[in-house]
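**Student:** Take a look at this one; I'll ask things after.
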């Protein structure tokens, strides 16, 4: 039987609580076939002391150099989207501890007729889109690095809603400090799917060293000056991580089986029940 999927438009019009319920149903269905093979974190002088020392020097220098740019962005953001100027979001850090990531706002709070926030691409202002393409919205992350919440190189910190959606294997990406970026370790890797990115994070953790960080730093700089790669990151070509199917394959917002939406609709109509093979709402 051919599997039908939820359309992007349908997903965009779901509330956050509805998306969470679908993710919970997907997790309910997932069987214990996932790999929980432990990831070995390299324990060297560099990983314990050197990496943090470099982070402090680089972050402090970057904050001083970019102070005029941040001051300019503060003023322009105020006139673009008004108050508050800053966007704050809880992210998952090292050892699954939460921290606050701060960025300049680049989206409005426009909602549809049902009070649901419009999709991000419809709320980003023209100025905000330019800031994203130039990665200027990432500059305040150097403050998180200086505080010790982040590192220059490391797995990207994700919103806390994703924590319970990760498999046991992929939760191990939180064994190290998250970073500004974790570039693909091989130039032969071009996929933007979740599986590729998460496995690349685990590869980095197991190969973390001074030489690895230097190589990835240059890849990060290259990405920052690549118009194509910046545009791909800004446009968010990877859908929202929702969980894994029973075979361990990742389900994102572009490939959610329609059966989960059907169960959600049953609940909204007052017919809450356990849907065989669909999870429980």
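Quick note: the coordinates plus some simple rules give every number you see, no bench work behind them. Model, not experiment: these values are computed from the prediction. Note that we place each Cβ from the backbone using ideal geometry, even for glycine, and neighbour counts take in every protein chain shown.
**Student:** Can you tell me how region 13-121 classifies by the Cα gyration tensor, rounded, prolate or oblate, using a/c under 1.5 as the rounded cut?
**Tutor:** Numbers: a/c = 4.08, a/b = 1.01, b/c = 4.06.
Cα axes put region 13-121 in the oblate bin.
**Student:** Report, in degrees rounded to the nearest 10, the 0 to 90 angle that the Cα long axis of helix 67-81 makes with the longest principal axis of the chain.
**Tutor:** Roughly 30 degrees between the two axes.
**Student:** Hey, another quick one. Can you give me the angle between helix 258-268 and the longest principal axis of the chain, using Cα atoms only, in degrees from 0 to 90, rounded to the nearest 10?
**Tutor:** 70
**Student:** Next question, about the same structure. Distance between Cα centroids, region 131-188 to region 96-113: provide it in whole Å.
**Tutor:** The two parts, judged by their Cα centres, are 16 Å apart.
**Student:** Still on this structure, please answer the following. So if we plug the beta-carbon distance of residue 109 and residue 45 into 1/(1 + (r/R0)^6) with R0 = 35 Å, what FRET efficiency do we get, rounded to 0.05?
**Tutor:** It comes to 0.15.
**Student:** Okay, next question. Just rank 91, 123, 83, fewest to most, by other beta-carbon atoms within 10 angstrom. Mind dumping the intermediate values first?
**Tutor:** On the way: 91 20, 123 16, 83 8.
Exposure proxy ranking, most exposed first: 83, 123, 91.
**Student:** Per residue Cα convex hull volume for region 40-80, in cubic angstrom?
**Tutor:** Numbers: hull volume 3.1 nm³, N = 41.
Cα convex hull per residue, to the nearest whole number: 76 Å³.
**Student:** What distance in nm lies between label points placed 7 Å from Cα along the C-beta direction at residue 86 and residue 160?
**Tutor:** 1.7
**Student:** Express as a percent, rounded to the nearest 5, the fraction of DSSP beta bridges in the chain (both residues included) that run antiparallel. Show your work: numbers first, answer last.
**Tutor:** Working: 16 of 18 bridges.
Given both bridge residues lie in the chain, the antiparallel proportion sits at roughly 90 percent.
**Student:** Related question: Pairing the Cα long axis of helix 210-224 with the longest principal axis of the chain, what angle in degrees results, from 0 to 90 and rounded to the nearest 10?
**Tutor:** 70
**Student:** Residue 78 versus residue 258, label points 7 Å from Cα toward the beta carbon: distance in nm?
**Tutor:** Inter-label distance under the simple model: 5.1 nm.
**Student:** Now for a different question. Return a whole-number percent for the relative contact order of the chain, with Cα pairs under 8 Å and 6 or more residues apart as the contact set.
**Tutor:** On the way: 393 pairs, mean separation 82.9, N = 281.
That works out to 30 percent.
**Student:** Considering the alpha-carbon set of the chain alone, what are its Rg and its Dmax in angstrom?
**Tutor:** For the chain, the Cα-based Rg and Dmax read 20.1, 60 Å.
**Student:** Then there is this: Go ahead and estimate [θ] at 222 nm for the chain from helices alone: -39,500 (n - 2.57) per DSSP H run with n ≥ 4, summed, over the residue count, rounded to 500.
**Tutor:** Numbers: 11 runs with 117 residues, N = 281.
After summing the helix terms and dividing by residue count, I get -12500 deg cm²/dmol.
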